[in-house]
Amino acid sequence: MIQYFDDKDLACFDGLSFRRDKKTGYYLNAKTHKRLHVYVWEYYNGEVPKGFHVHHKDFDKSNNEIGNLTLMEAREHQSLHGKNWTEERRAKQAQMLRDKAVPKATEWHKSEAGHEWHLQHYENVKELMHRKKTFVCECCGKEFEAEETGMNRFCSNNCKSKYRRESGVDNEKRICEYCGKEFEVNKYAKTRTCSRSCANKIRWDKRREKNNAGAGLQHGS
C-alpha cells in the first residue's frame, strides 16, 4: 500500500520515496528516475512492454494504487490524454514546441549530420517521389499523368482557373457604384457595377458631365 506525507507531496512505496513534481503532477523517485505509477504497475506485473504506457483509469495522478492502473498502447494513451486537454493546455504545449523543439529541430536540420540525413533520405525515396501516377481532372474529366504532390486535381492551369471561377471560391460581395445594390463577383475582377446596364449609365453620366462642362466653357468664352 502507498503511504503519503507532507500534504501528499511525498509518497512511499516498497521502501522508496517518490516526490510529486508540481509541474506535471507525477510522483518521481530521484534515484531510479521512475514514476510512482509505473513502479507500482511493474511491482505487480513485471516490466512495462515496449510501446505501452501505464494509464491512470480515473485520470488522477495522485491515485497510484494498482486497481487504478492499466496498460495501454502508447499511441492510444497519448490520443486519450490529448482529447482531454483544455484549450489552455493545448496552447501551452504548442508554445513549448515553438520555443524549444522547433529551434532545436531547425538547428539539427542545418547541421552536417542533418544534411547527411536528408541526402540519404532522398536517395531512399527519390524513386517514389518522382514516380508518375494517373489522375482525373476535376474540371474537364480528362485523365493525365503527373508526379504525385497531393495537389493533382487539374490537368492544366486553365482547368484550375475555370474550376475556381465556376465554383465561386474566389467570389466576394461588392456594392454597385451606380444603384447601390449588393452583388457577387470574382475578387480579382475590376468590376464596379452589378450589371452592364449600370456600367453604361455611369459612362453616359460621365459623358454628359463632360459635354456639359465643355458647353459651359464655350458659353463663358
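The values are calculated or read from the model by the stated rules, or taken from the named source; none is laboratory data. Since the structure is predicted, the reported quantities are computational estimates derived from the model, not experimental observations. All Cβ positions, even for glycine, are placed from backbone atoms using ideal geometry, and neighbour counts span all protein chains on display.
With K201, K187, K160, K173 as the choices, which residue is within 29 Å of the chain's Cα centre (by Cα), at pLDDT below 95 and surrounded by 14 or more Cβ atoms within 10 Å (Cβ to Cβ)?
Numbers: K201 fails: within 29 Å of the chain's Cα centre (by Cα); K187 fails: surrounded by 14 or more Cβ atoms within 10 Å (Cβ to Cβ); K173 fails: surrounded by 14 or more Cβ atoms within 10 Å (Cβ to Cβ).
So the residue among K201, K187, K160, K173 that is within 29 Å of the chain's Cα centre (by Cα), at pLDDT below 95 and surrounded by 14 or more Cβ atoms within 10 Å (Cβ to Cβ) is K160.
Take E138 and decide whether it is out of contact with any helix residue (DSSP H, G or I) (no Cβ under 8 Å at 6 or more places or on another chain) and either loosely packed, with under 13 Cβ neighbours inside 10 Å or not in a helix (DSSP H, G or I) (or both).
Values: out of contact with any helix residue (DSSP H, G or I) (no Cβ under 8 Å at 6 or more places or on another chain): no; either loosely packed, with under 13 Cβ neighbours inside 10 Å or not in a helix (DSSP H, G or I) (or both): yes.
When the stated conditions are applied, E138 does not pass them.
Hey, can you tell me all the residues within segment 42-79 that are among the basic types (K, R) and in contact with a helix residue (DSSP H, G or I) (Cβ under 7 Å, 6 or more places away or on another chain)? Break it down stepwise before answering.
Going residue by residue through segment 42-79, those that are among the basic types (K, R) are 50, 57, 61, 75.
Hit for segment 42-79 is K57, nothing else.
I need the full set of residues from segment 25-50 which are within 36 Å of the chain's Cα centre (by Cα), part of a loop (DSSP other than H, G, I, E, B) and basic (K, R), in order please.
Across segment 25-50, the qualifying residues are K34, K50.
I want to confirm something. Restricting to segment 11-24 and keeping residues that are under 20 Å from H55 (Cα atoms) and under 42 Å from the mean Cα position of the chain (by Cα), which single residue is surrounded by the most Cβ atoms within 10 Å (Cβ to Cβ)?
Looking at the filtered set, the residue picked out is F18.
Matching residues to (1) in a helix (DSSP H, G or I); (2) touching a Ser or Thr at 6+ places or on another chain (Cβ under 9 Å):
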| site | (1), (2) |
| --- | --- |
| T134 | no, no |
| E145 | no, yes |
| R153 | no, no |
| K160 | yes, no |
| Y163 | yes, no |
| K173 | no, no |
| F183 | no, yes |
| R203 | yes, no |
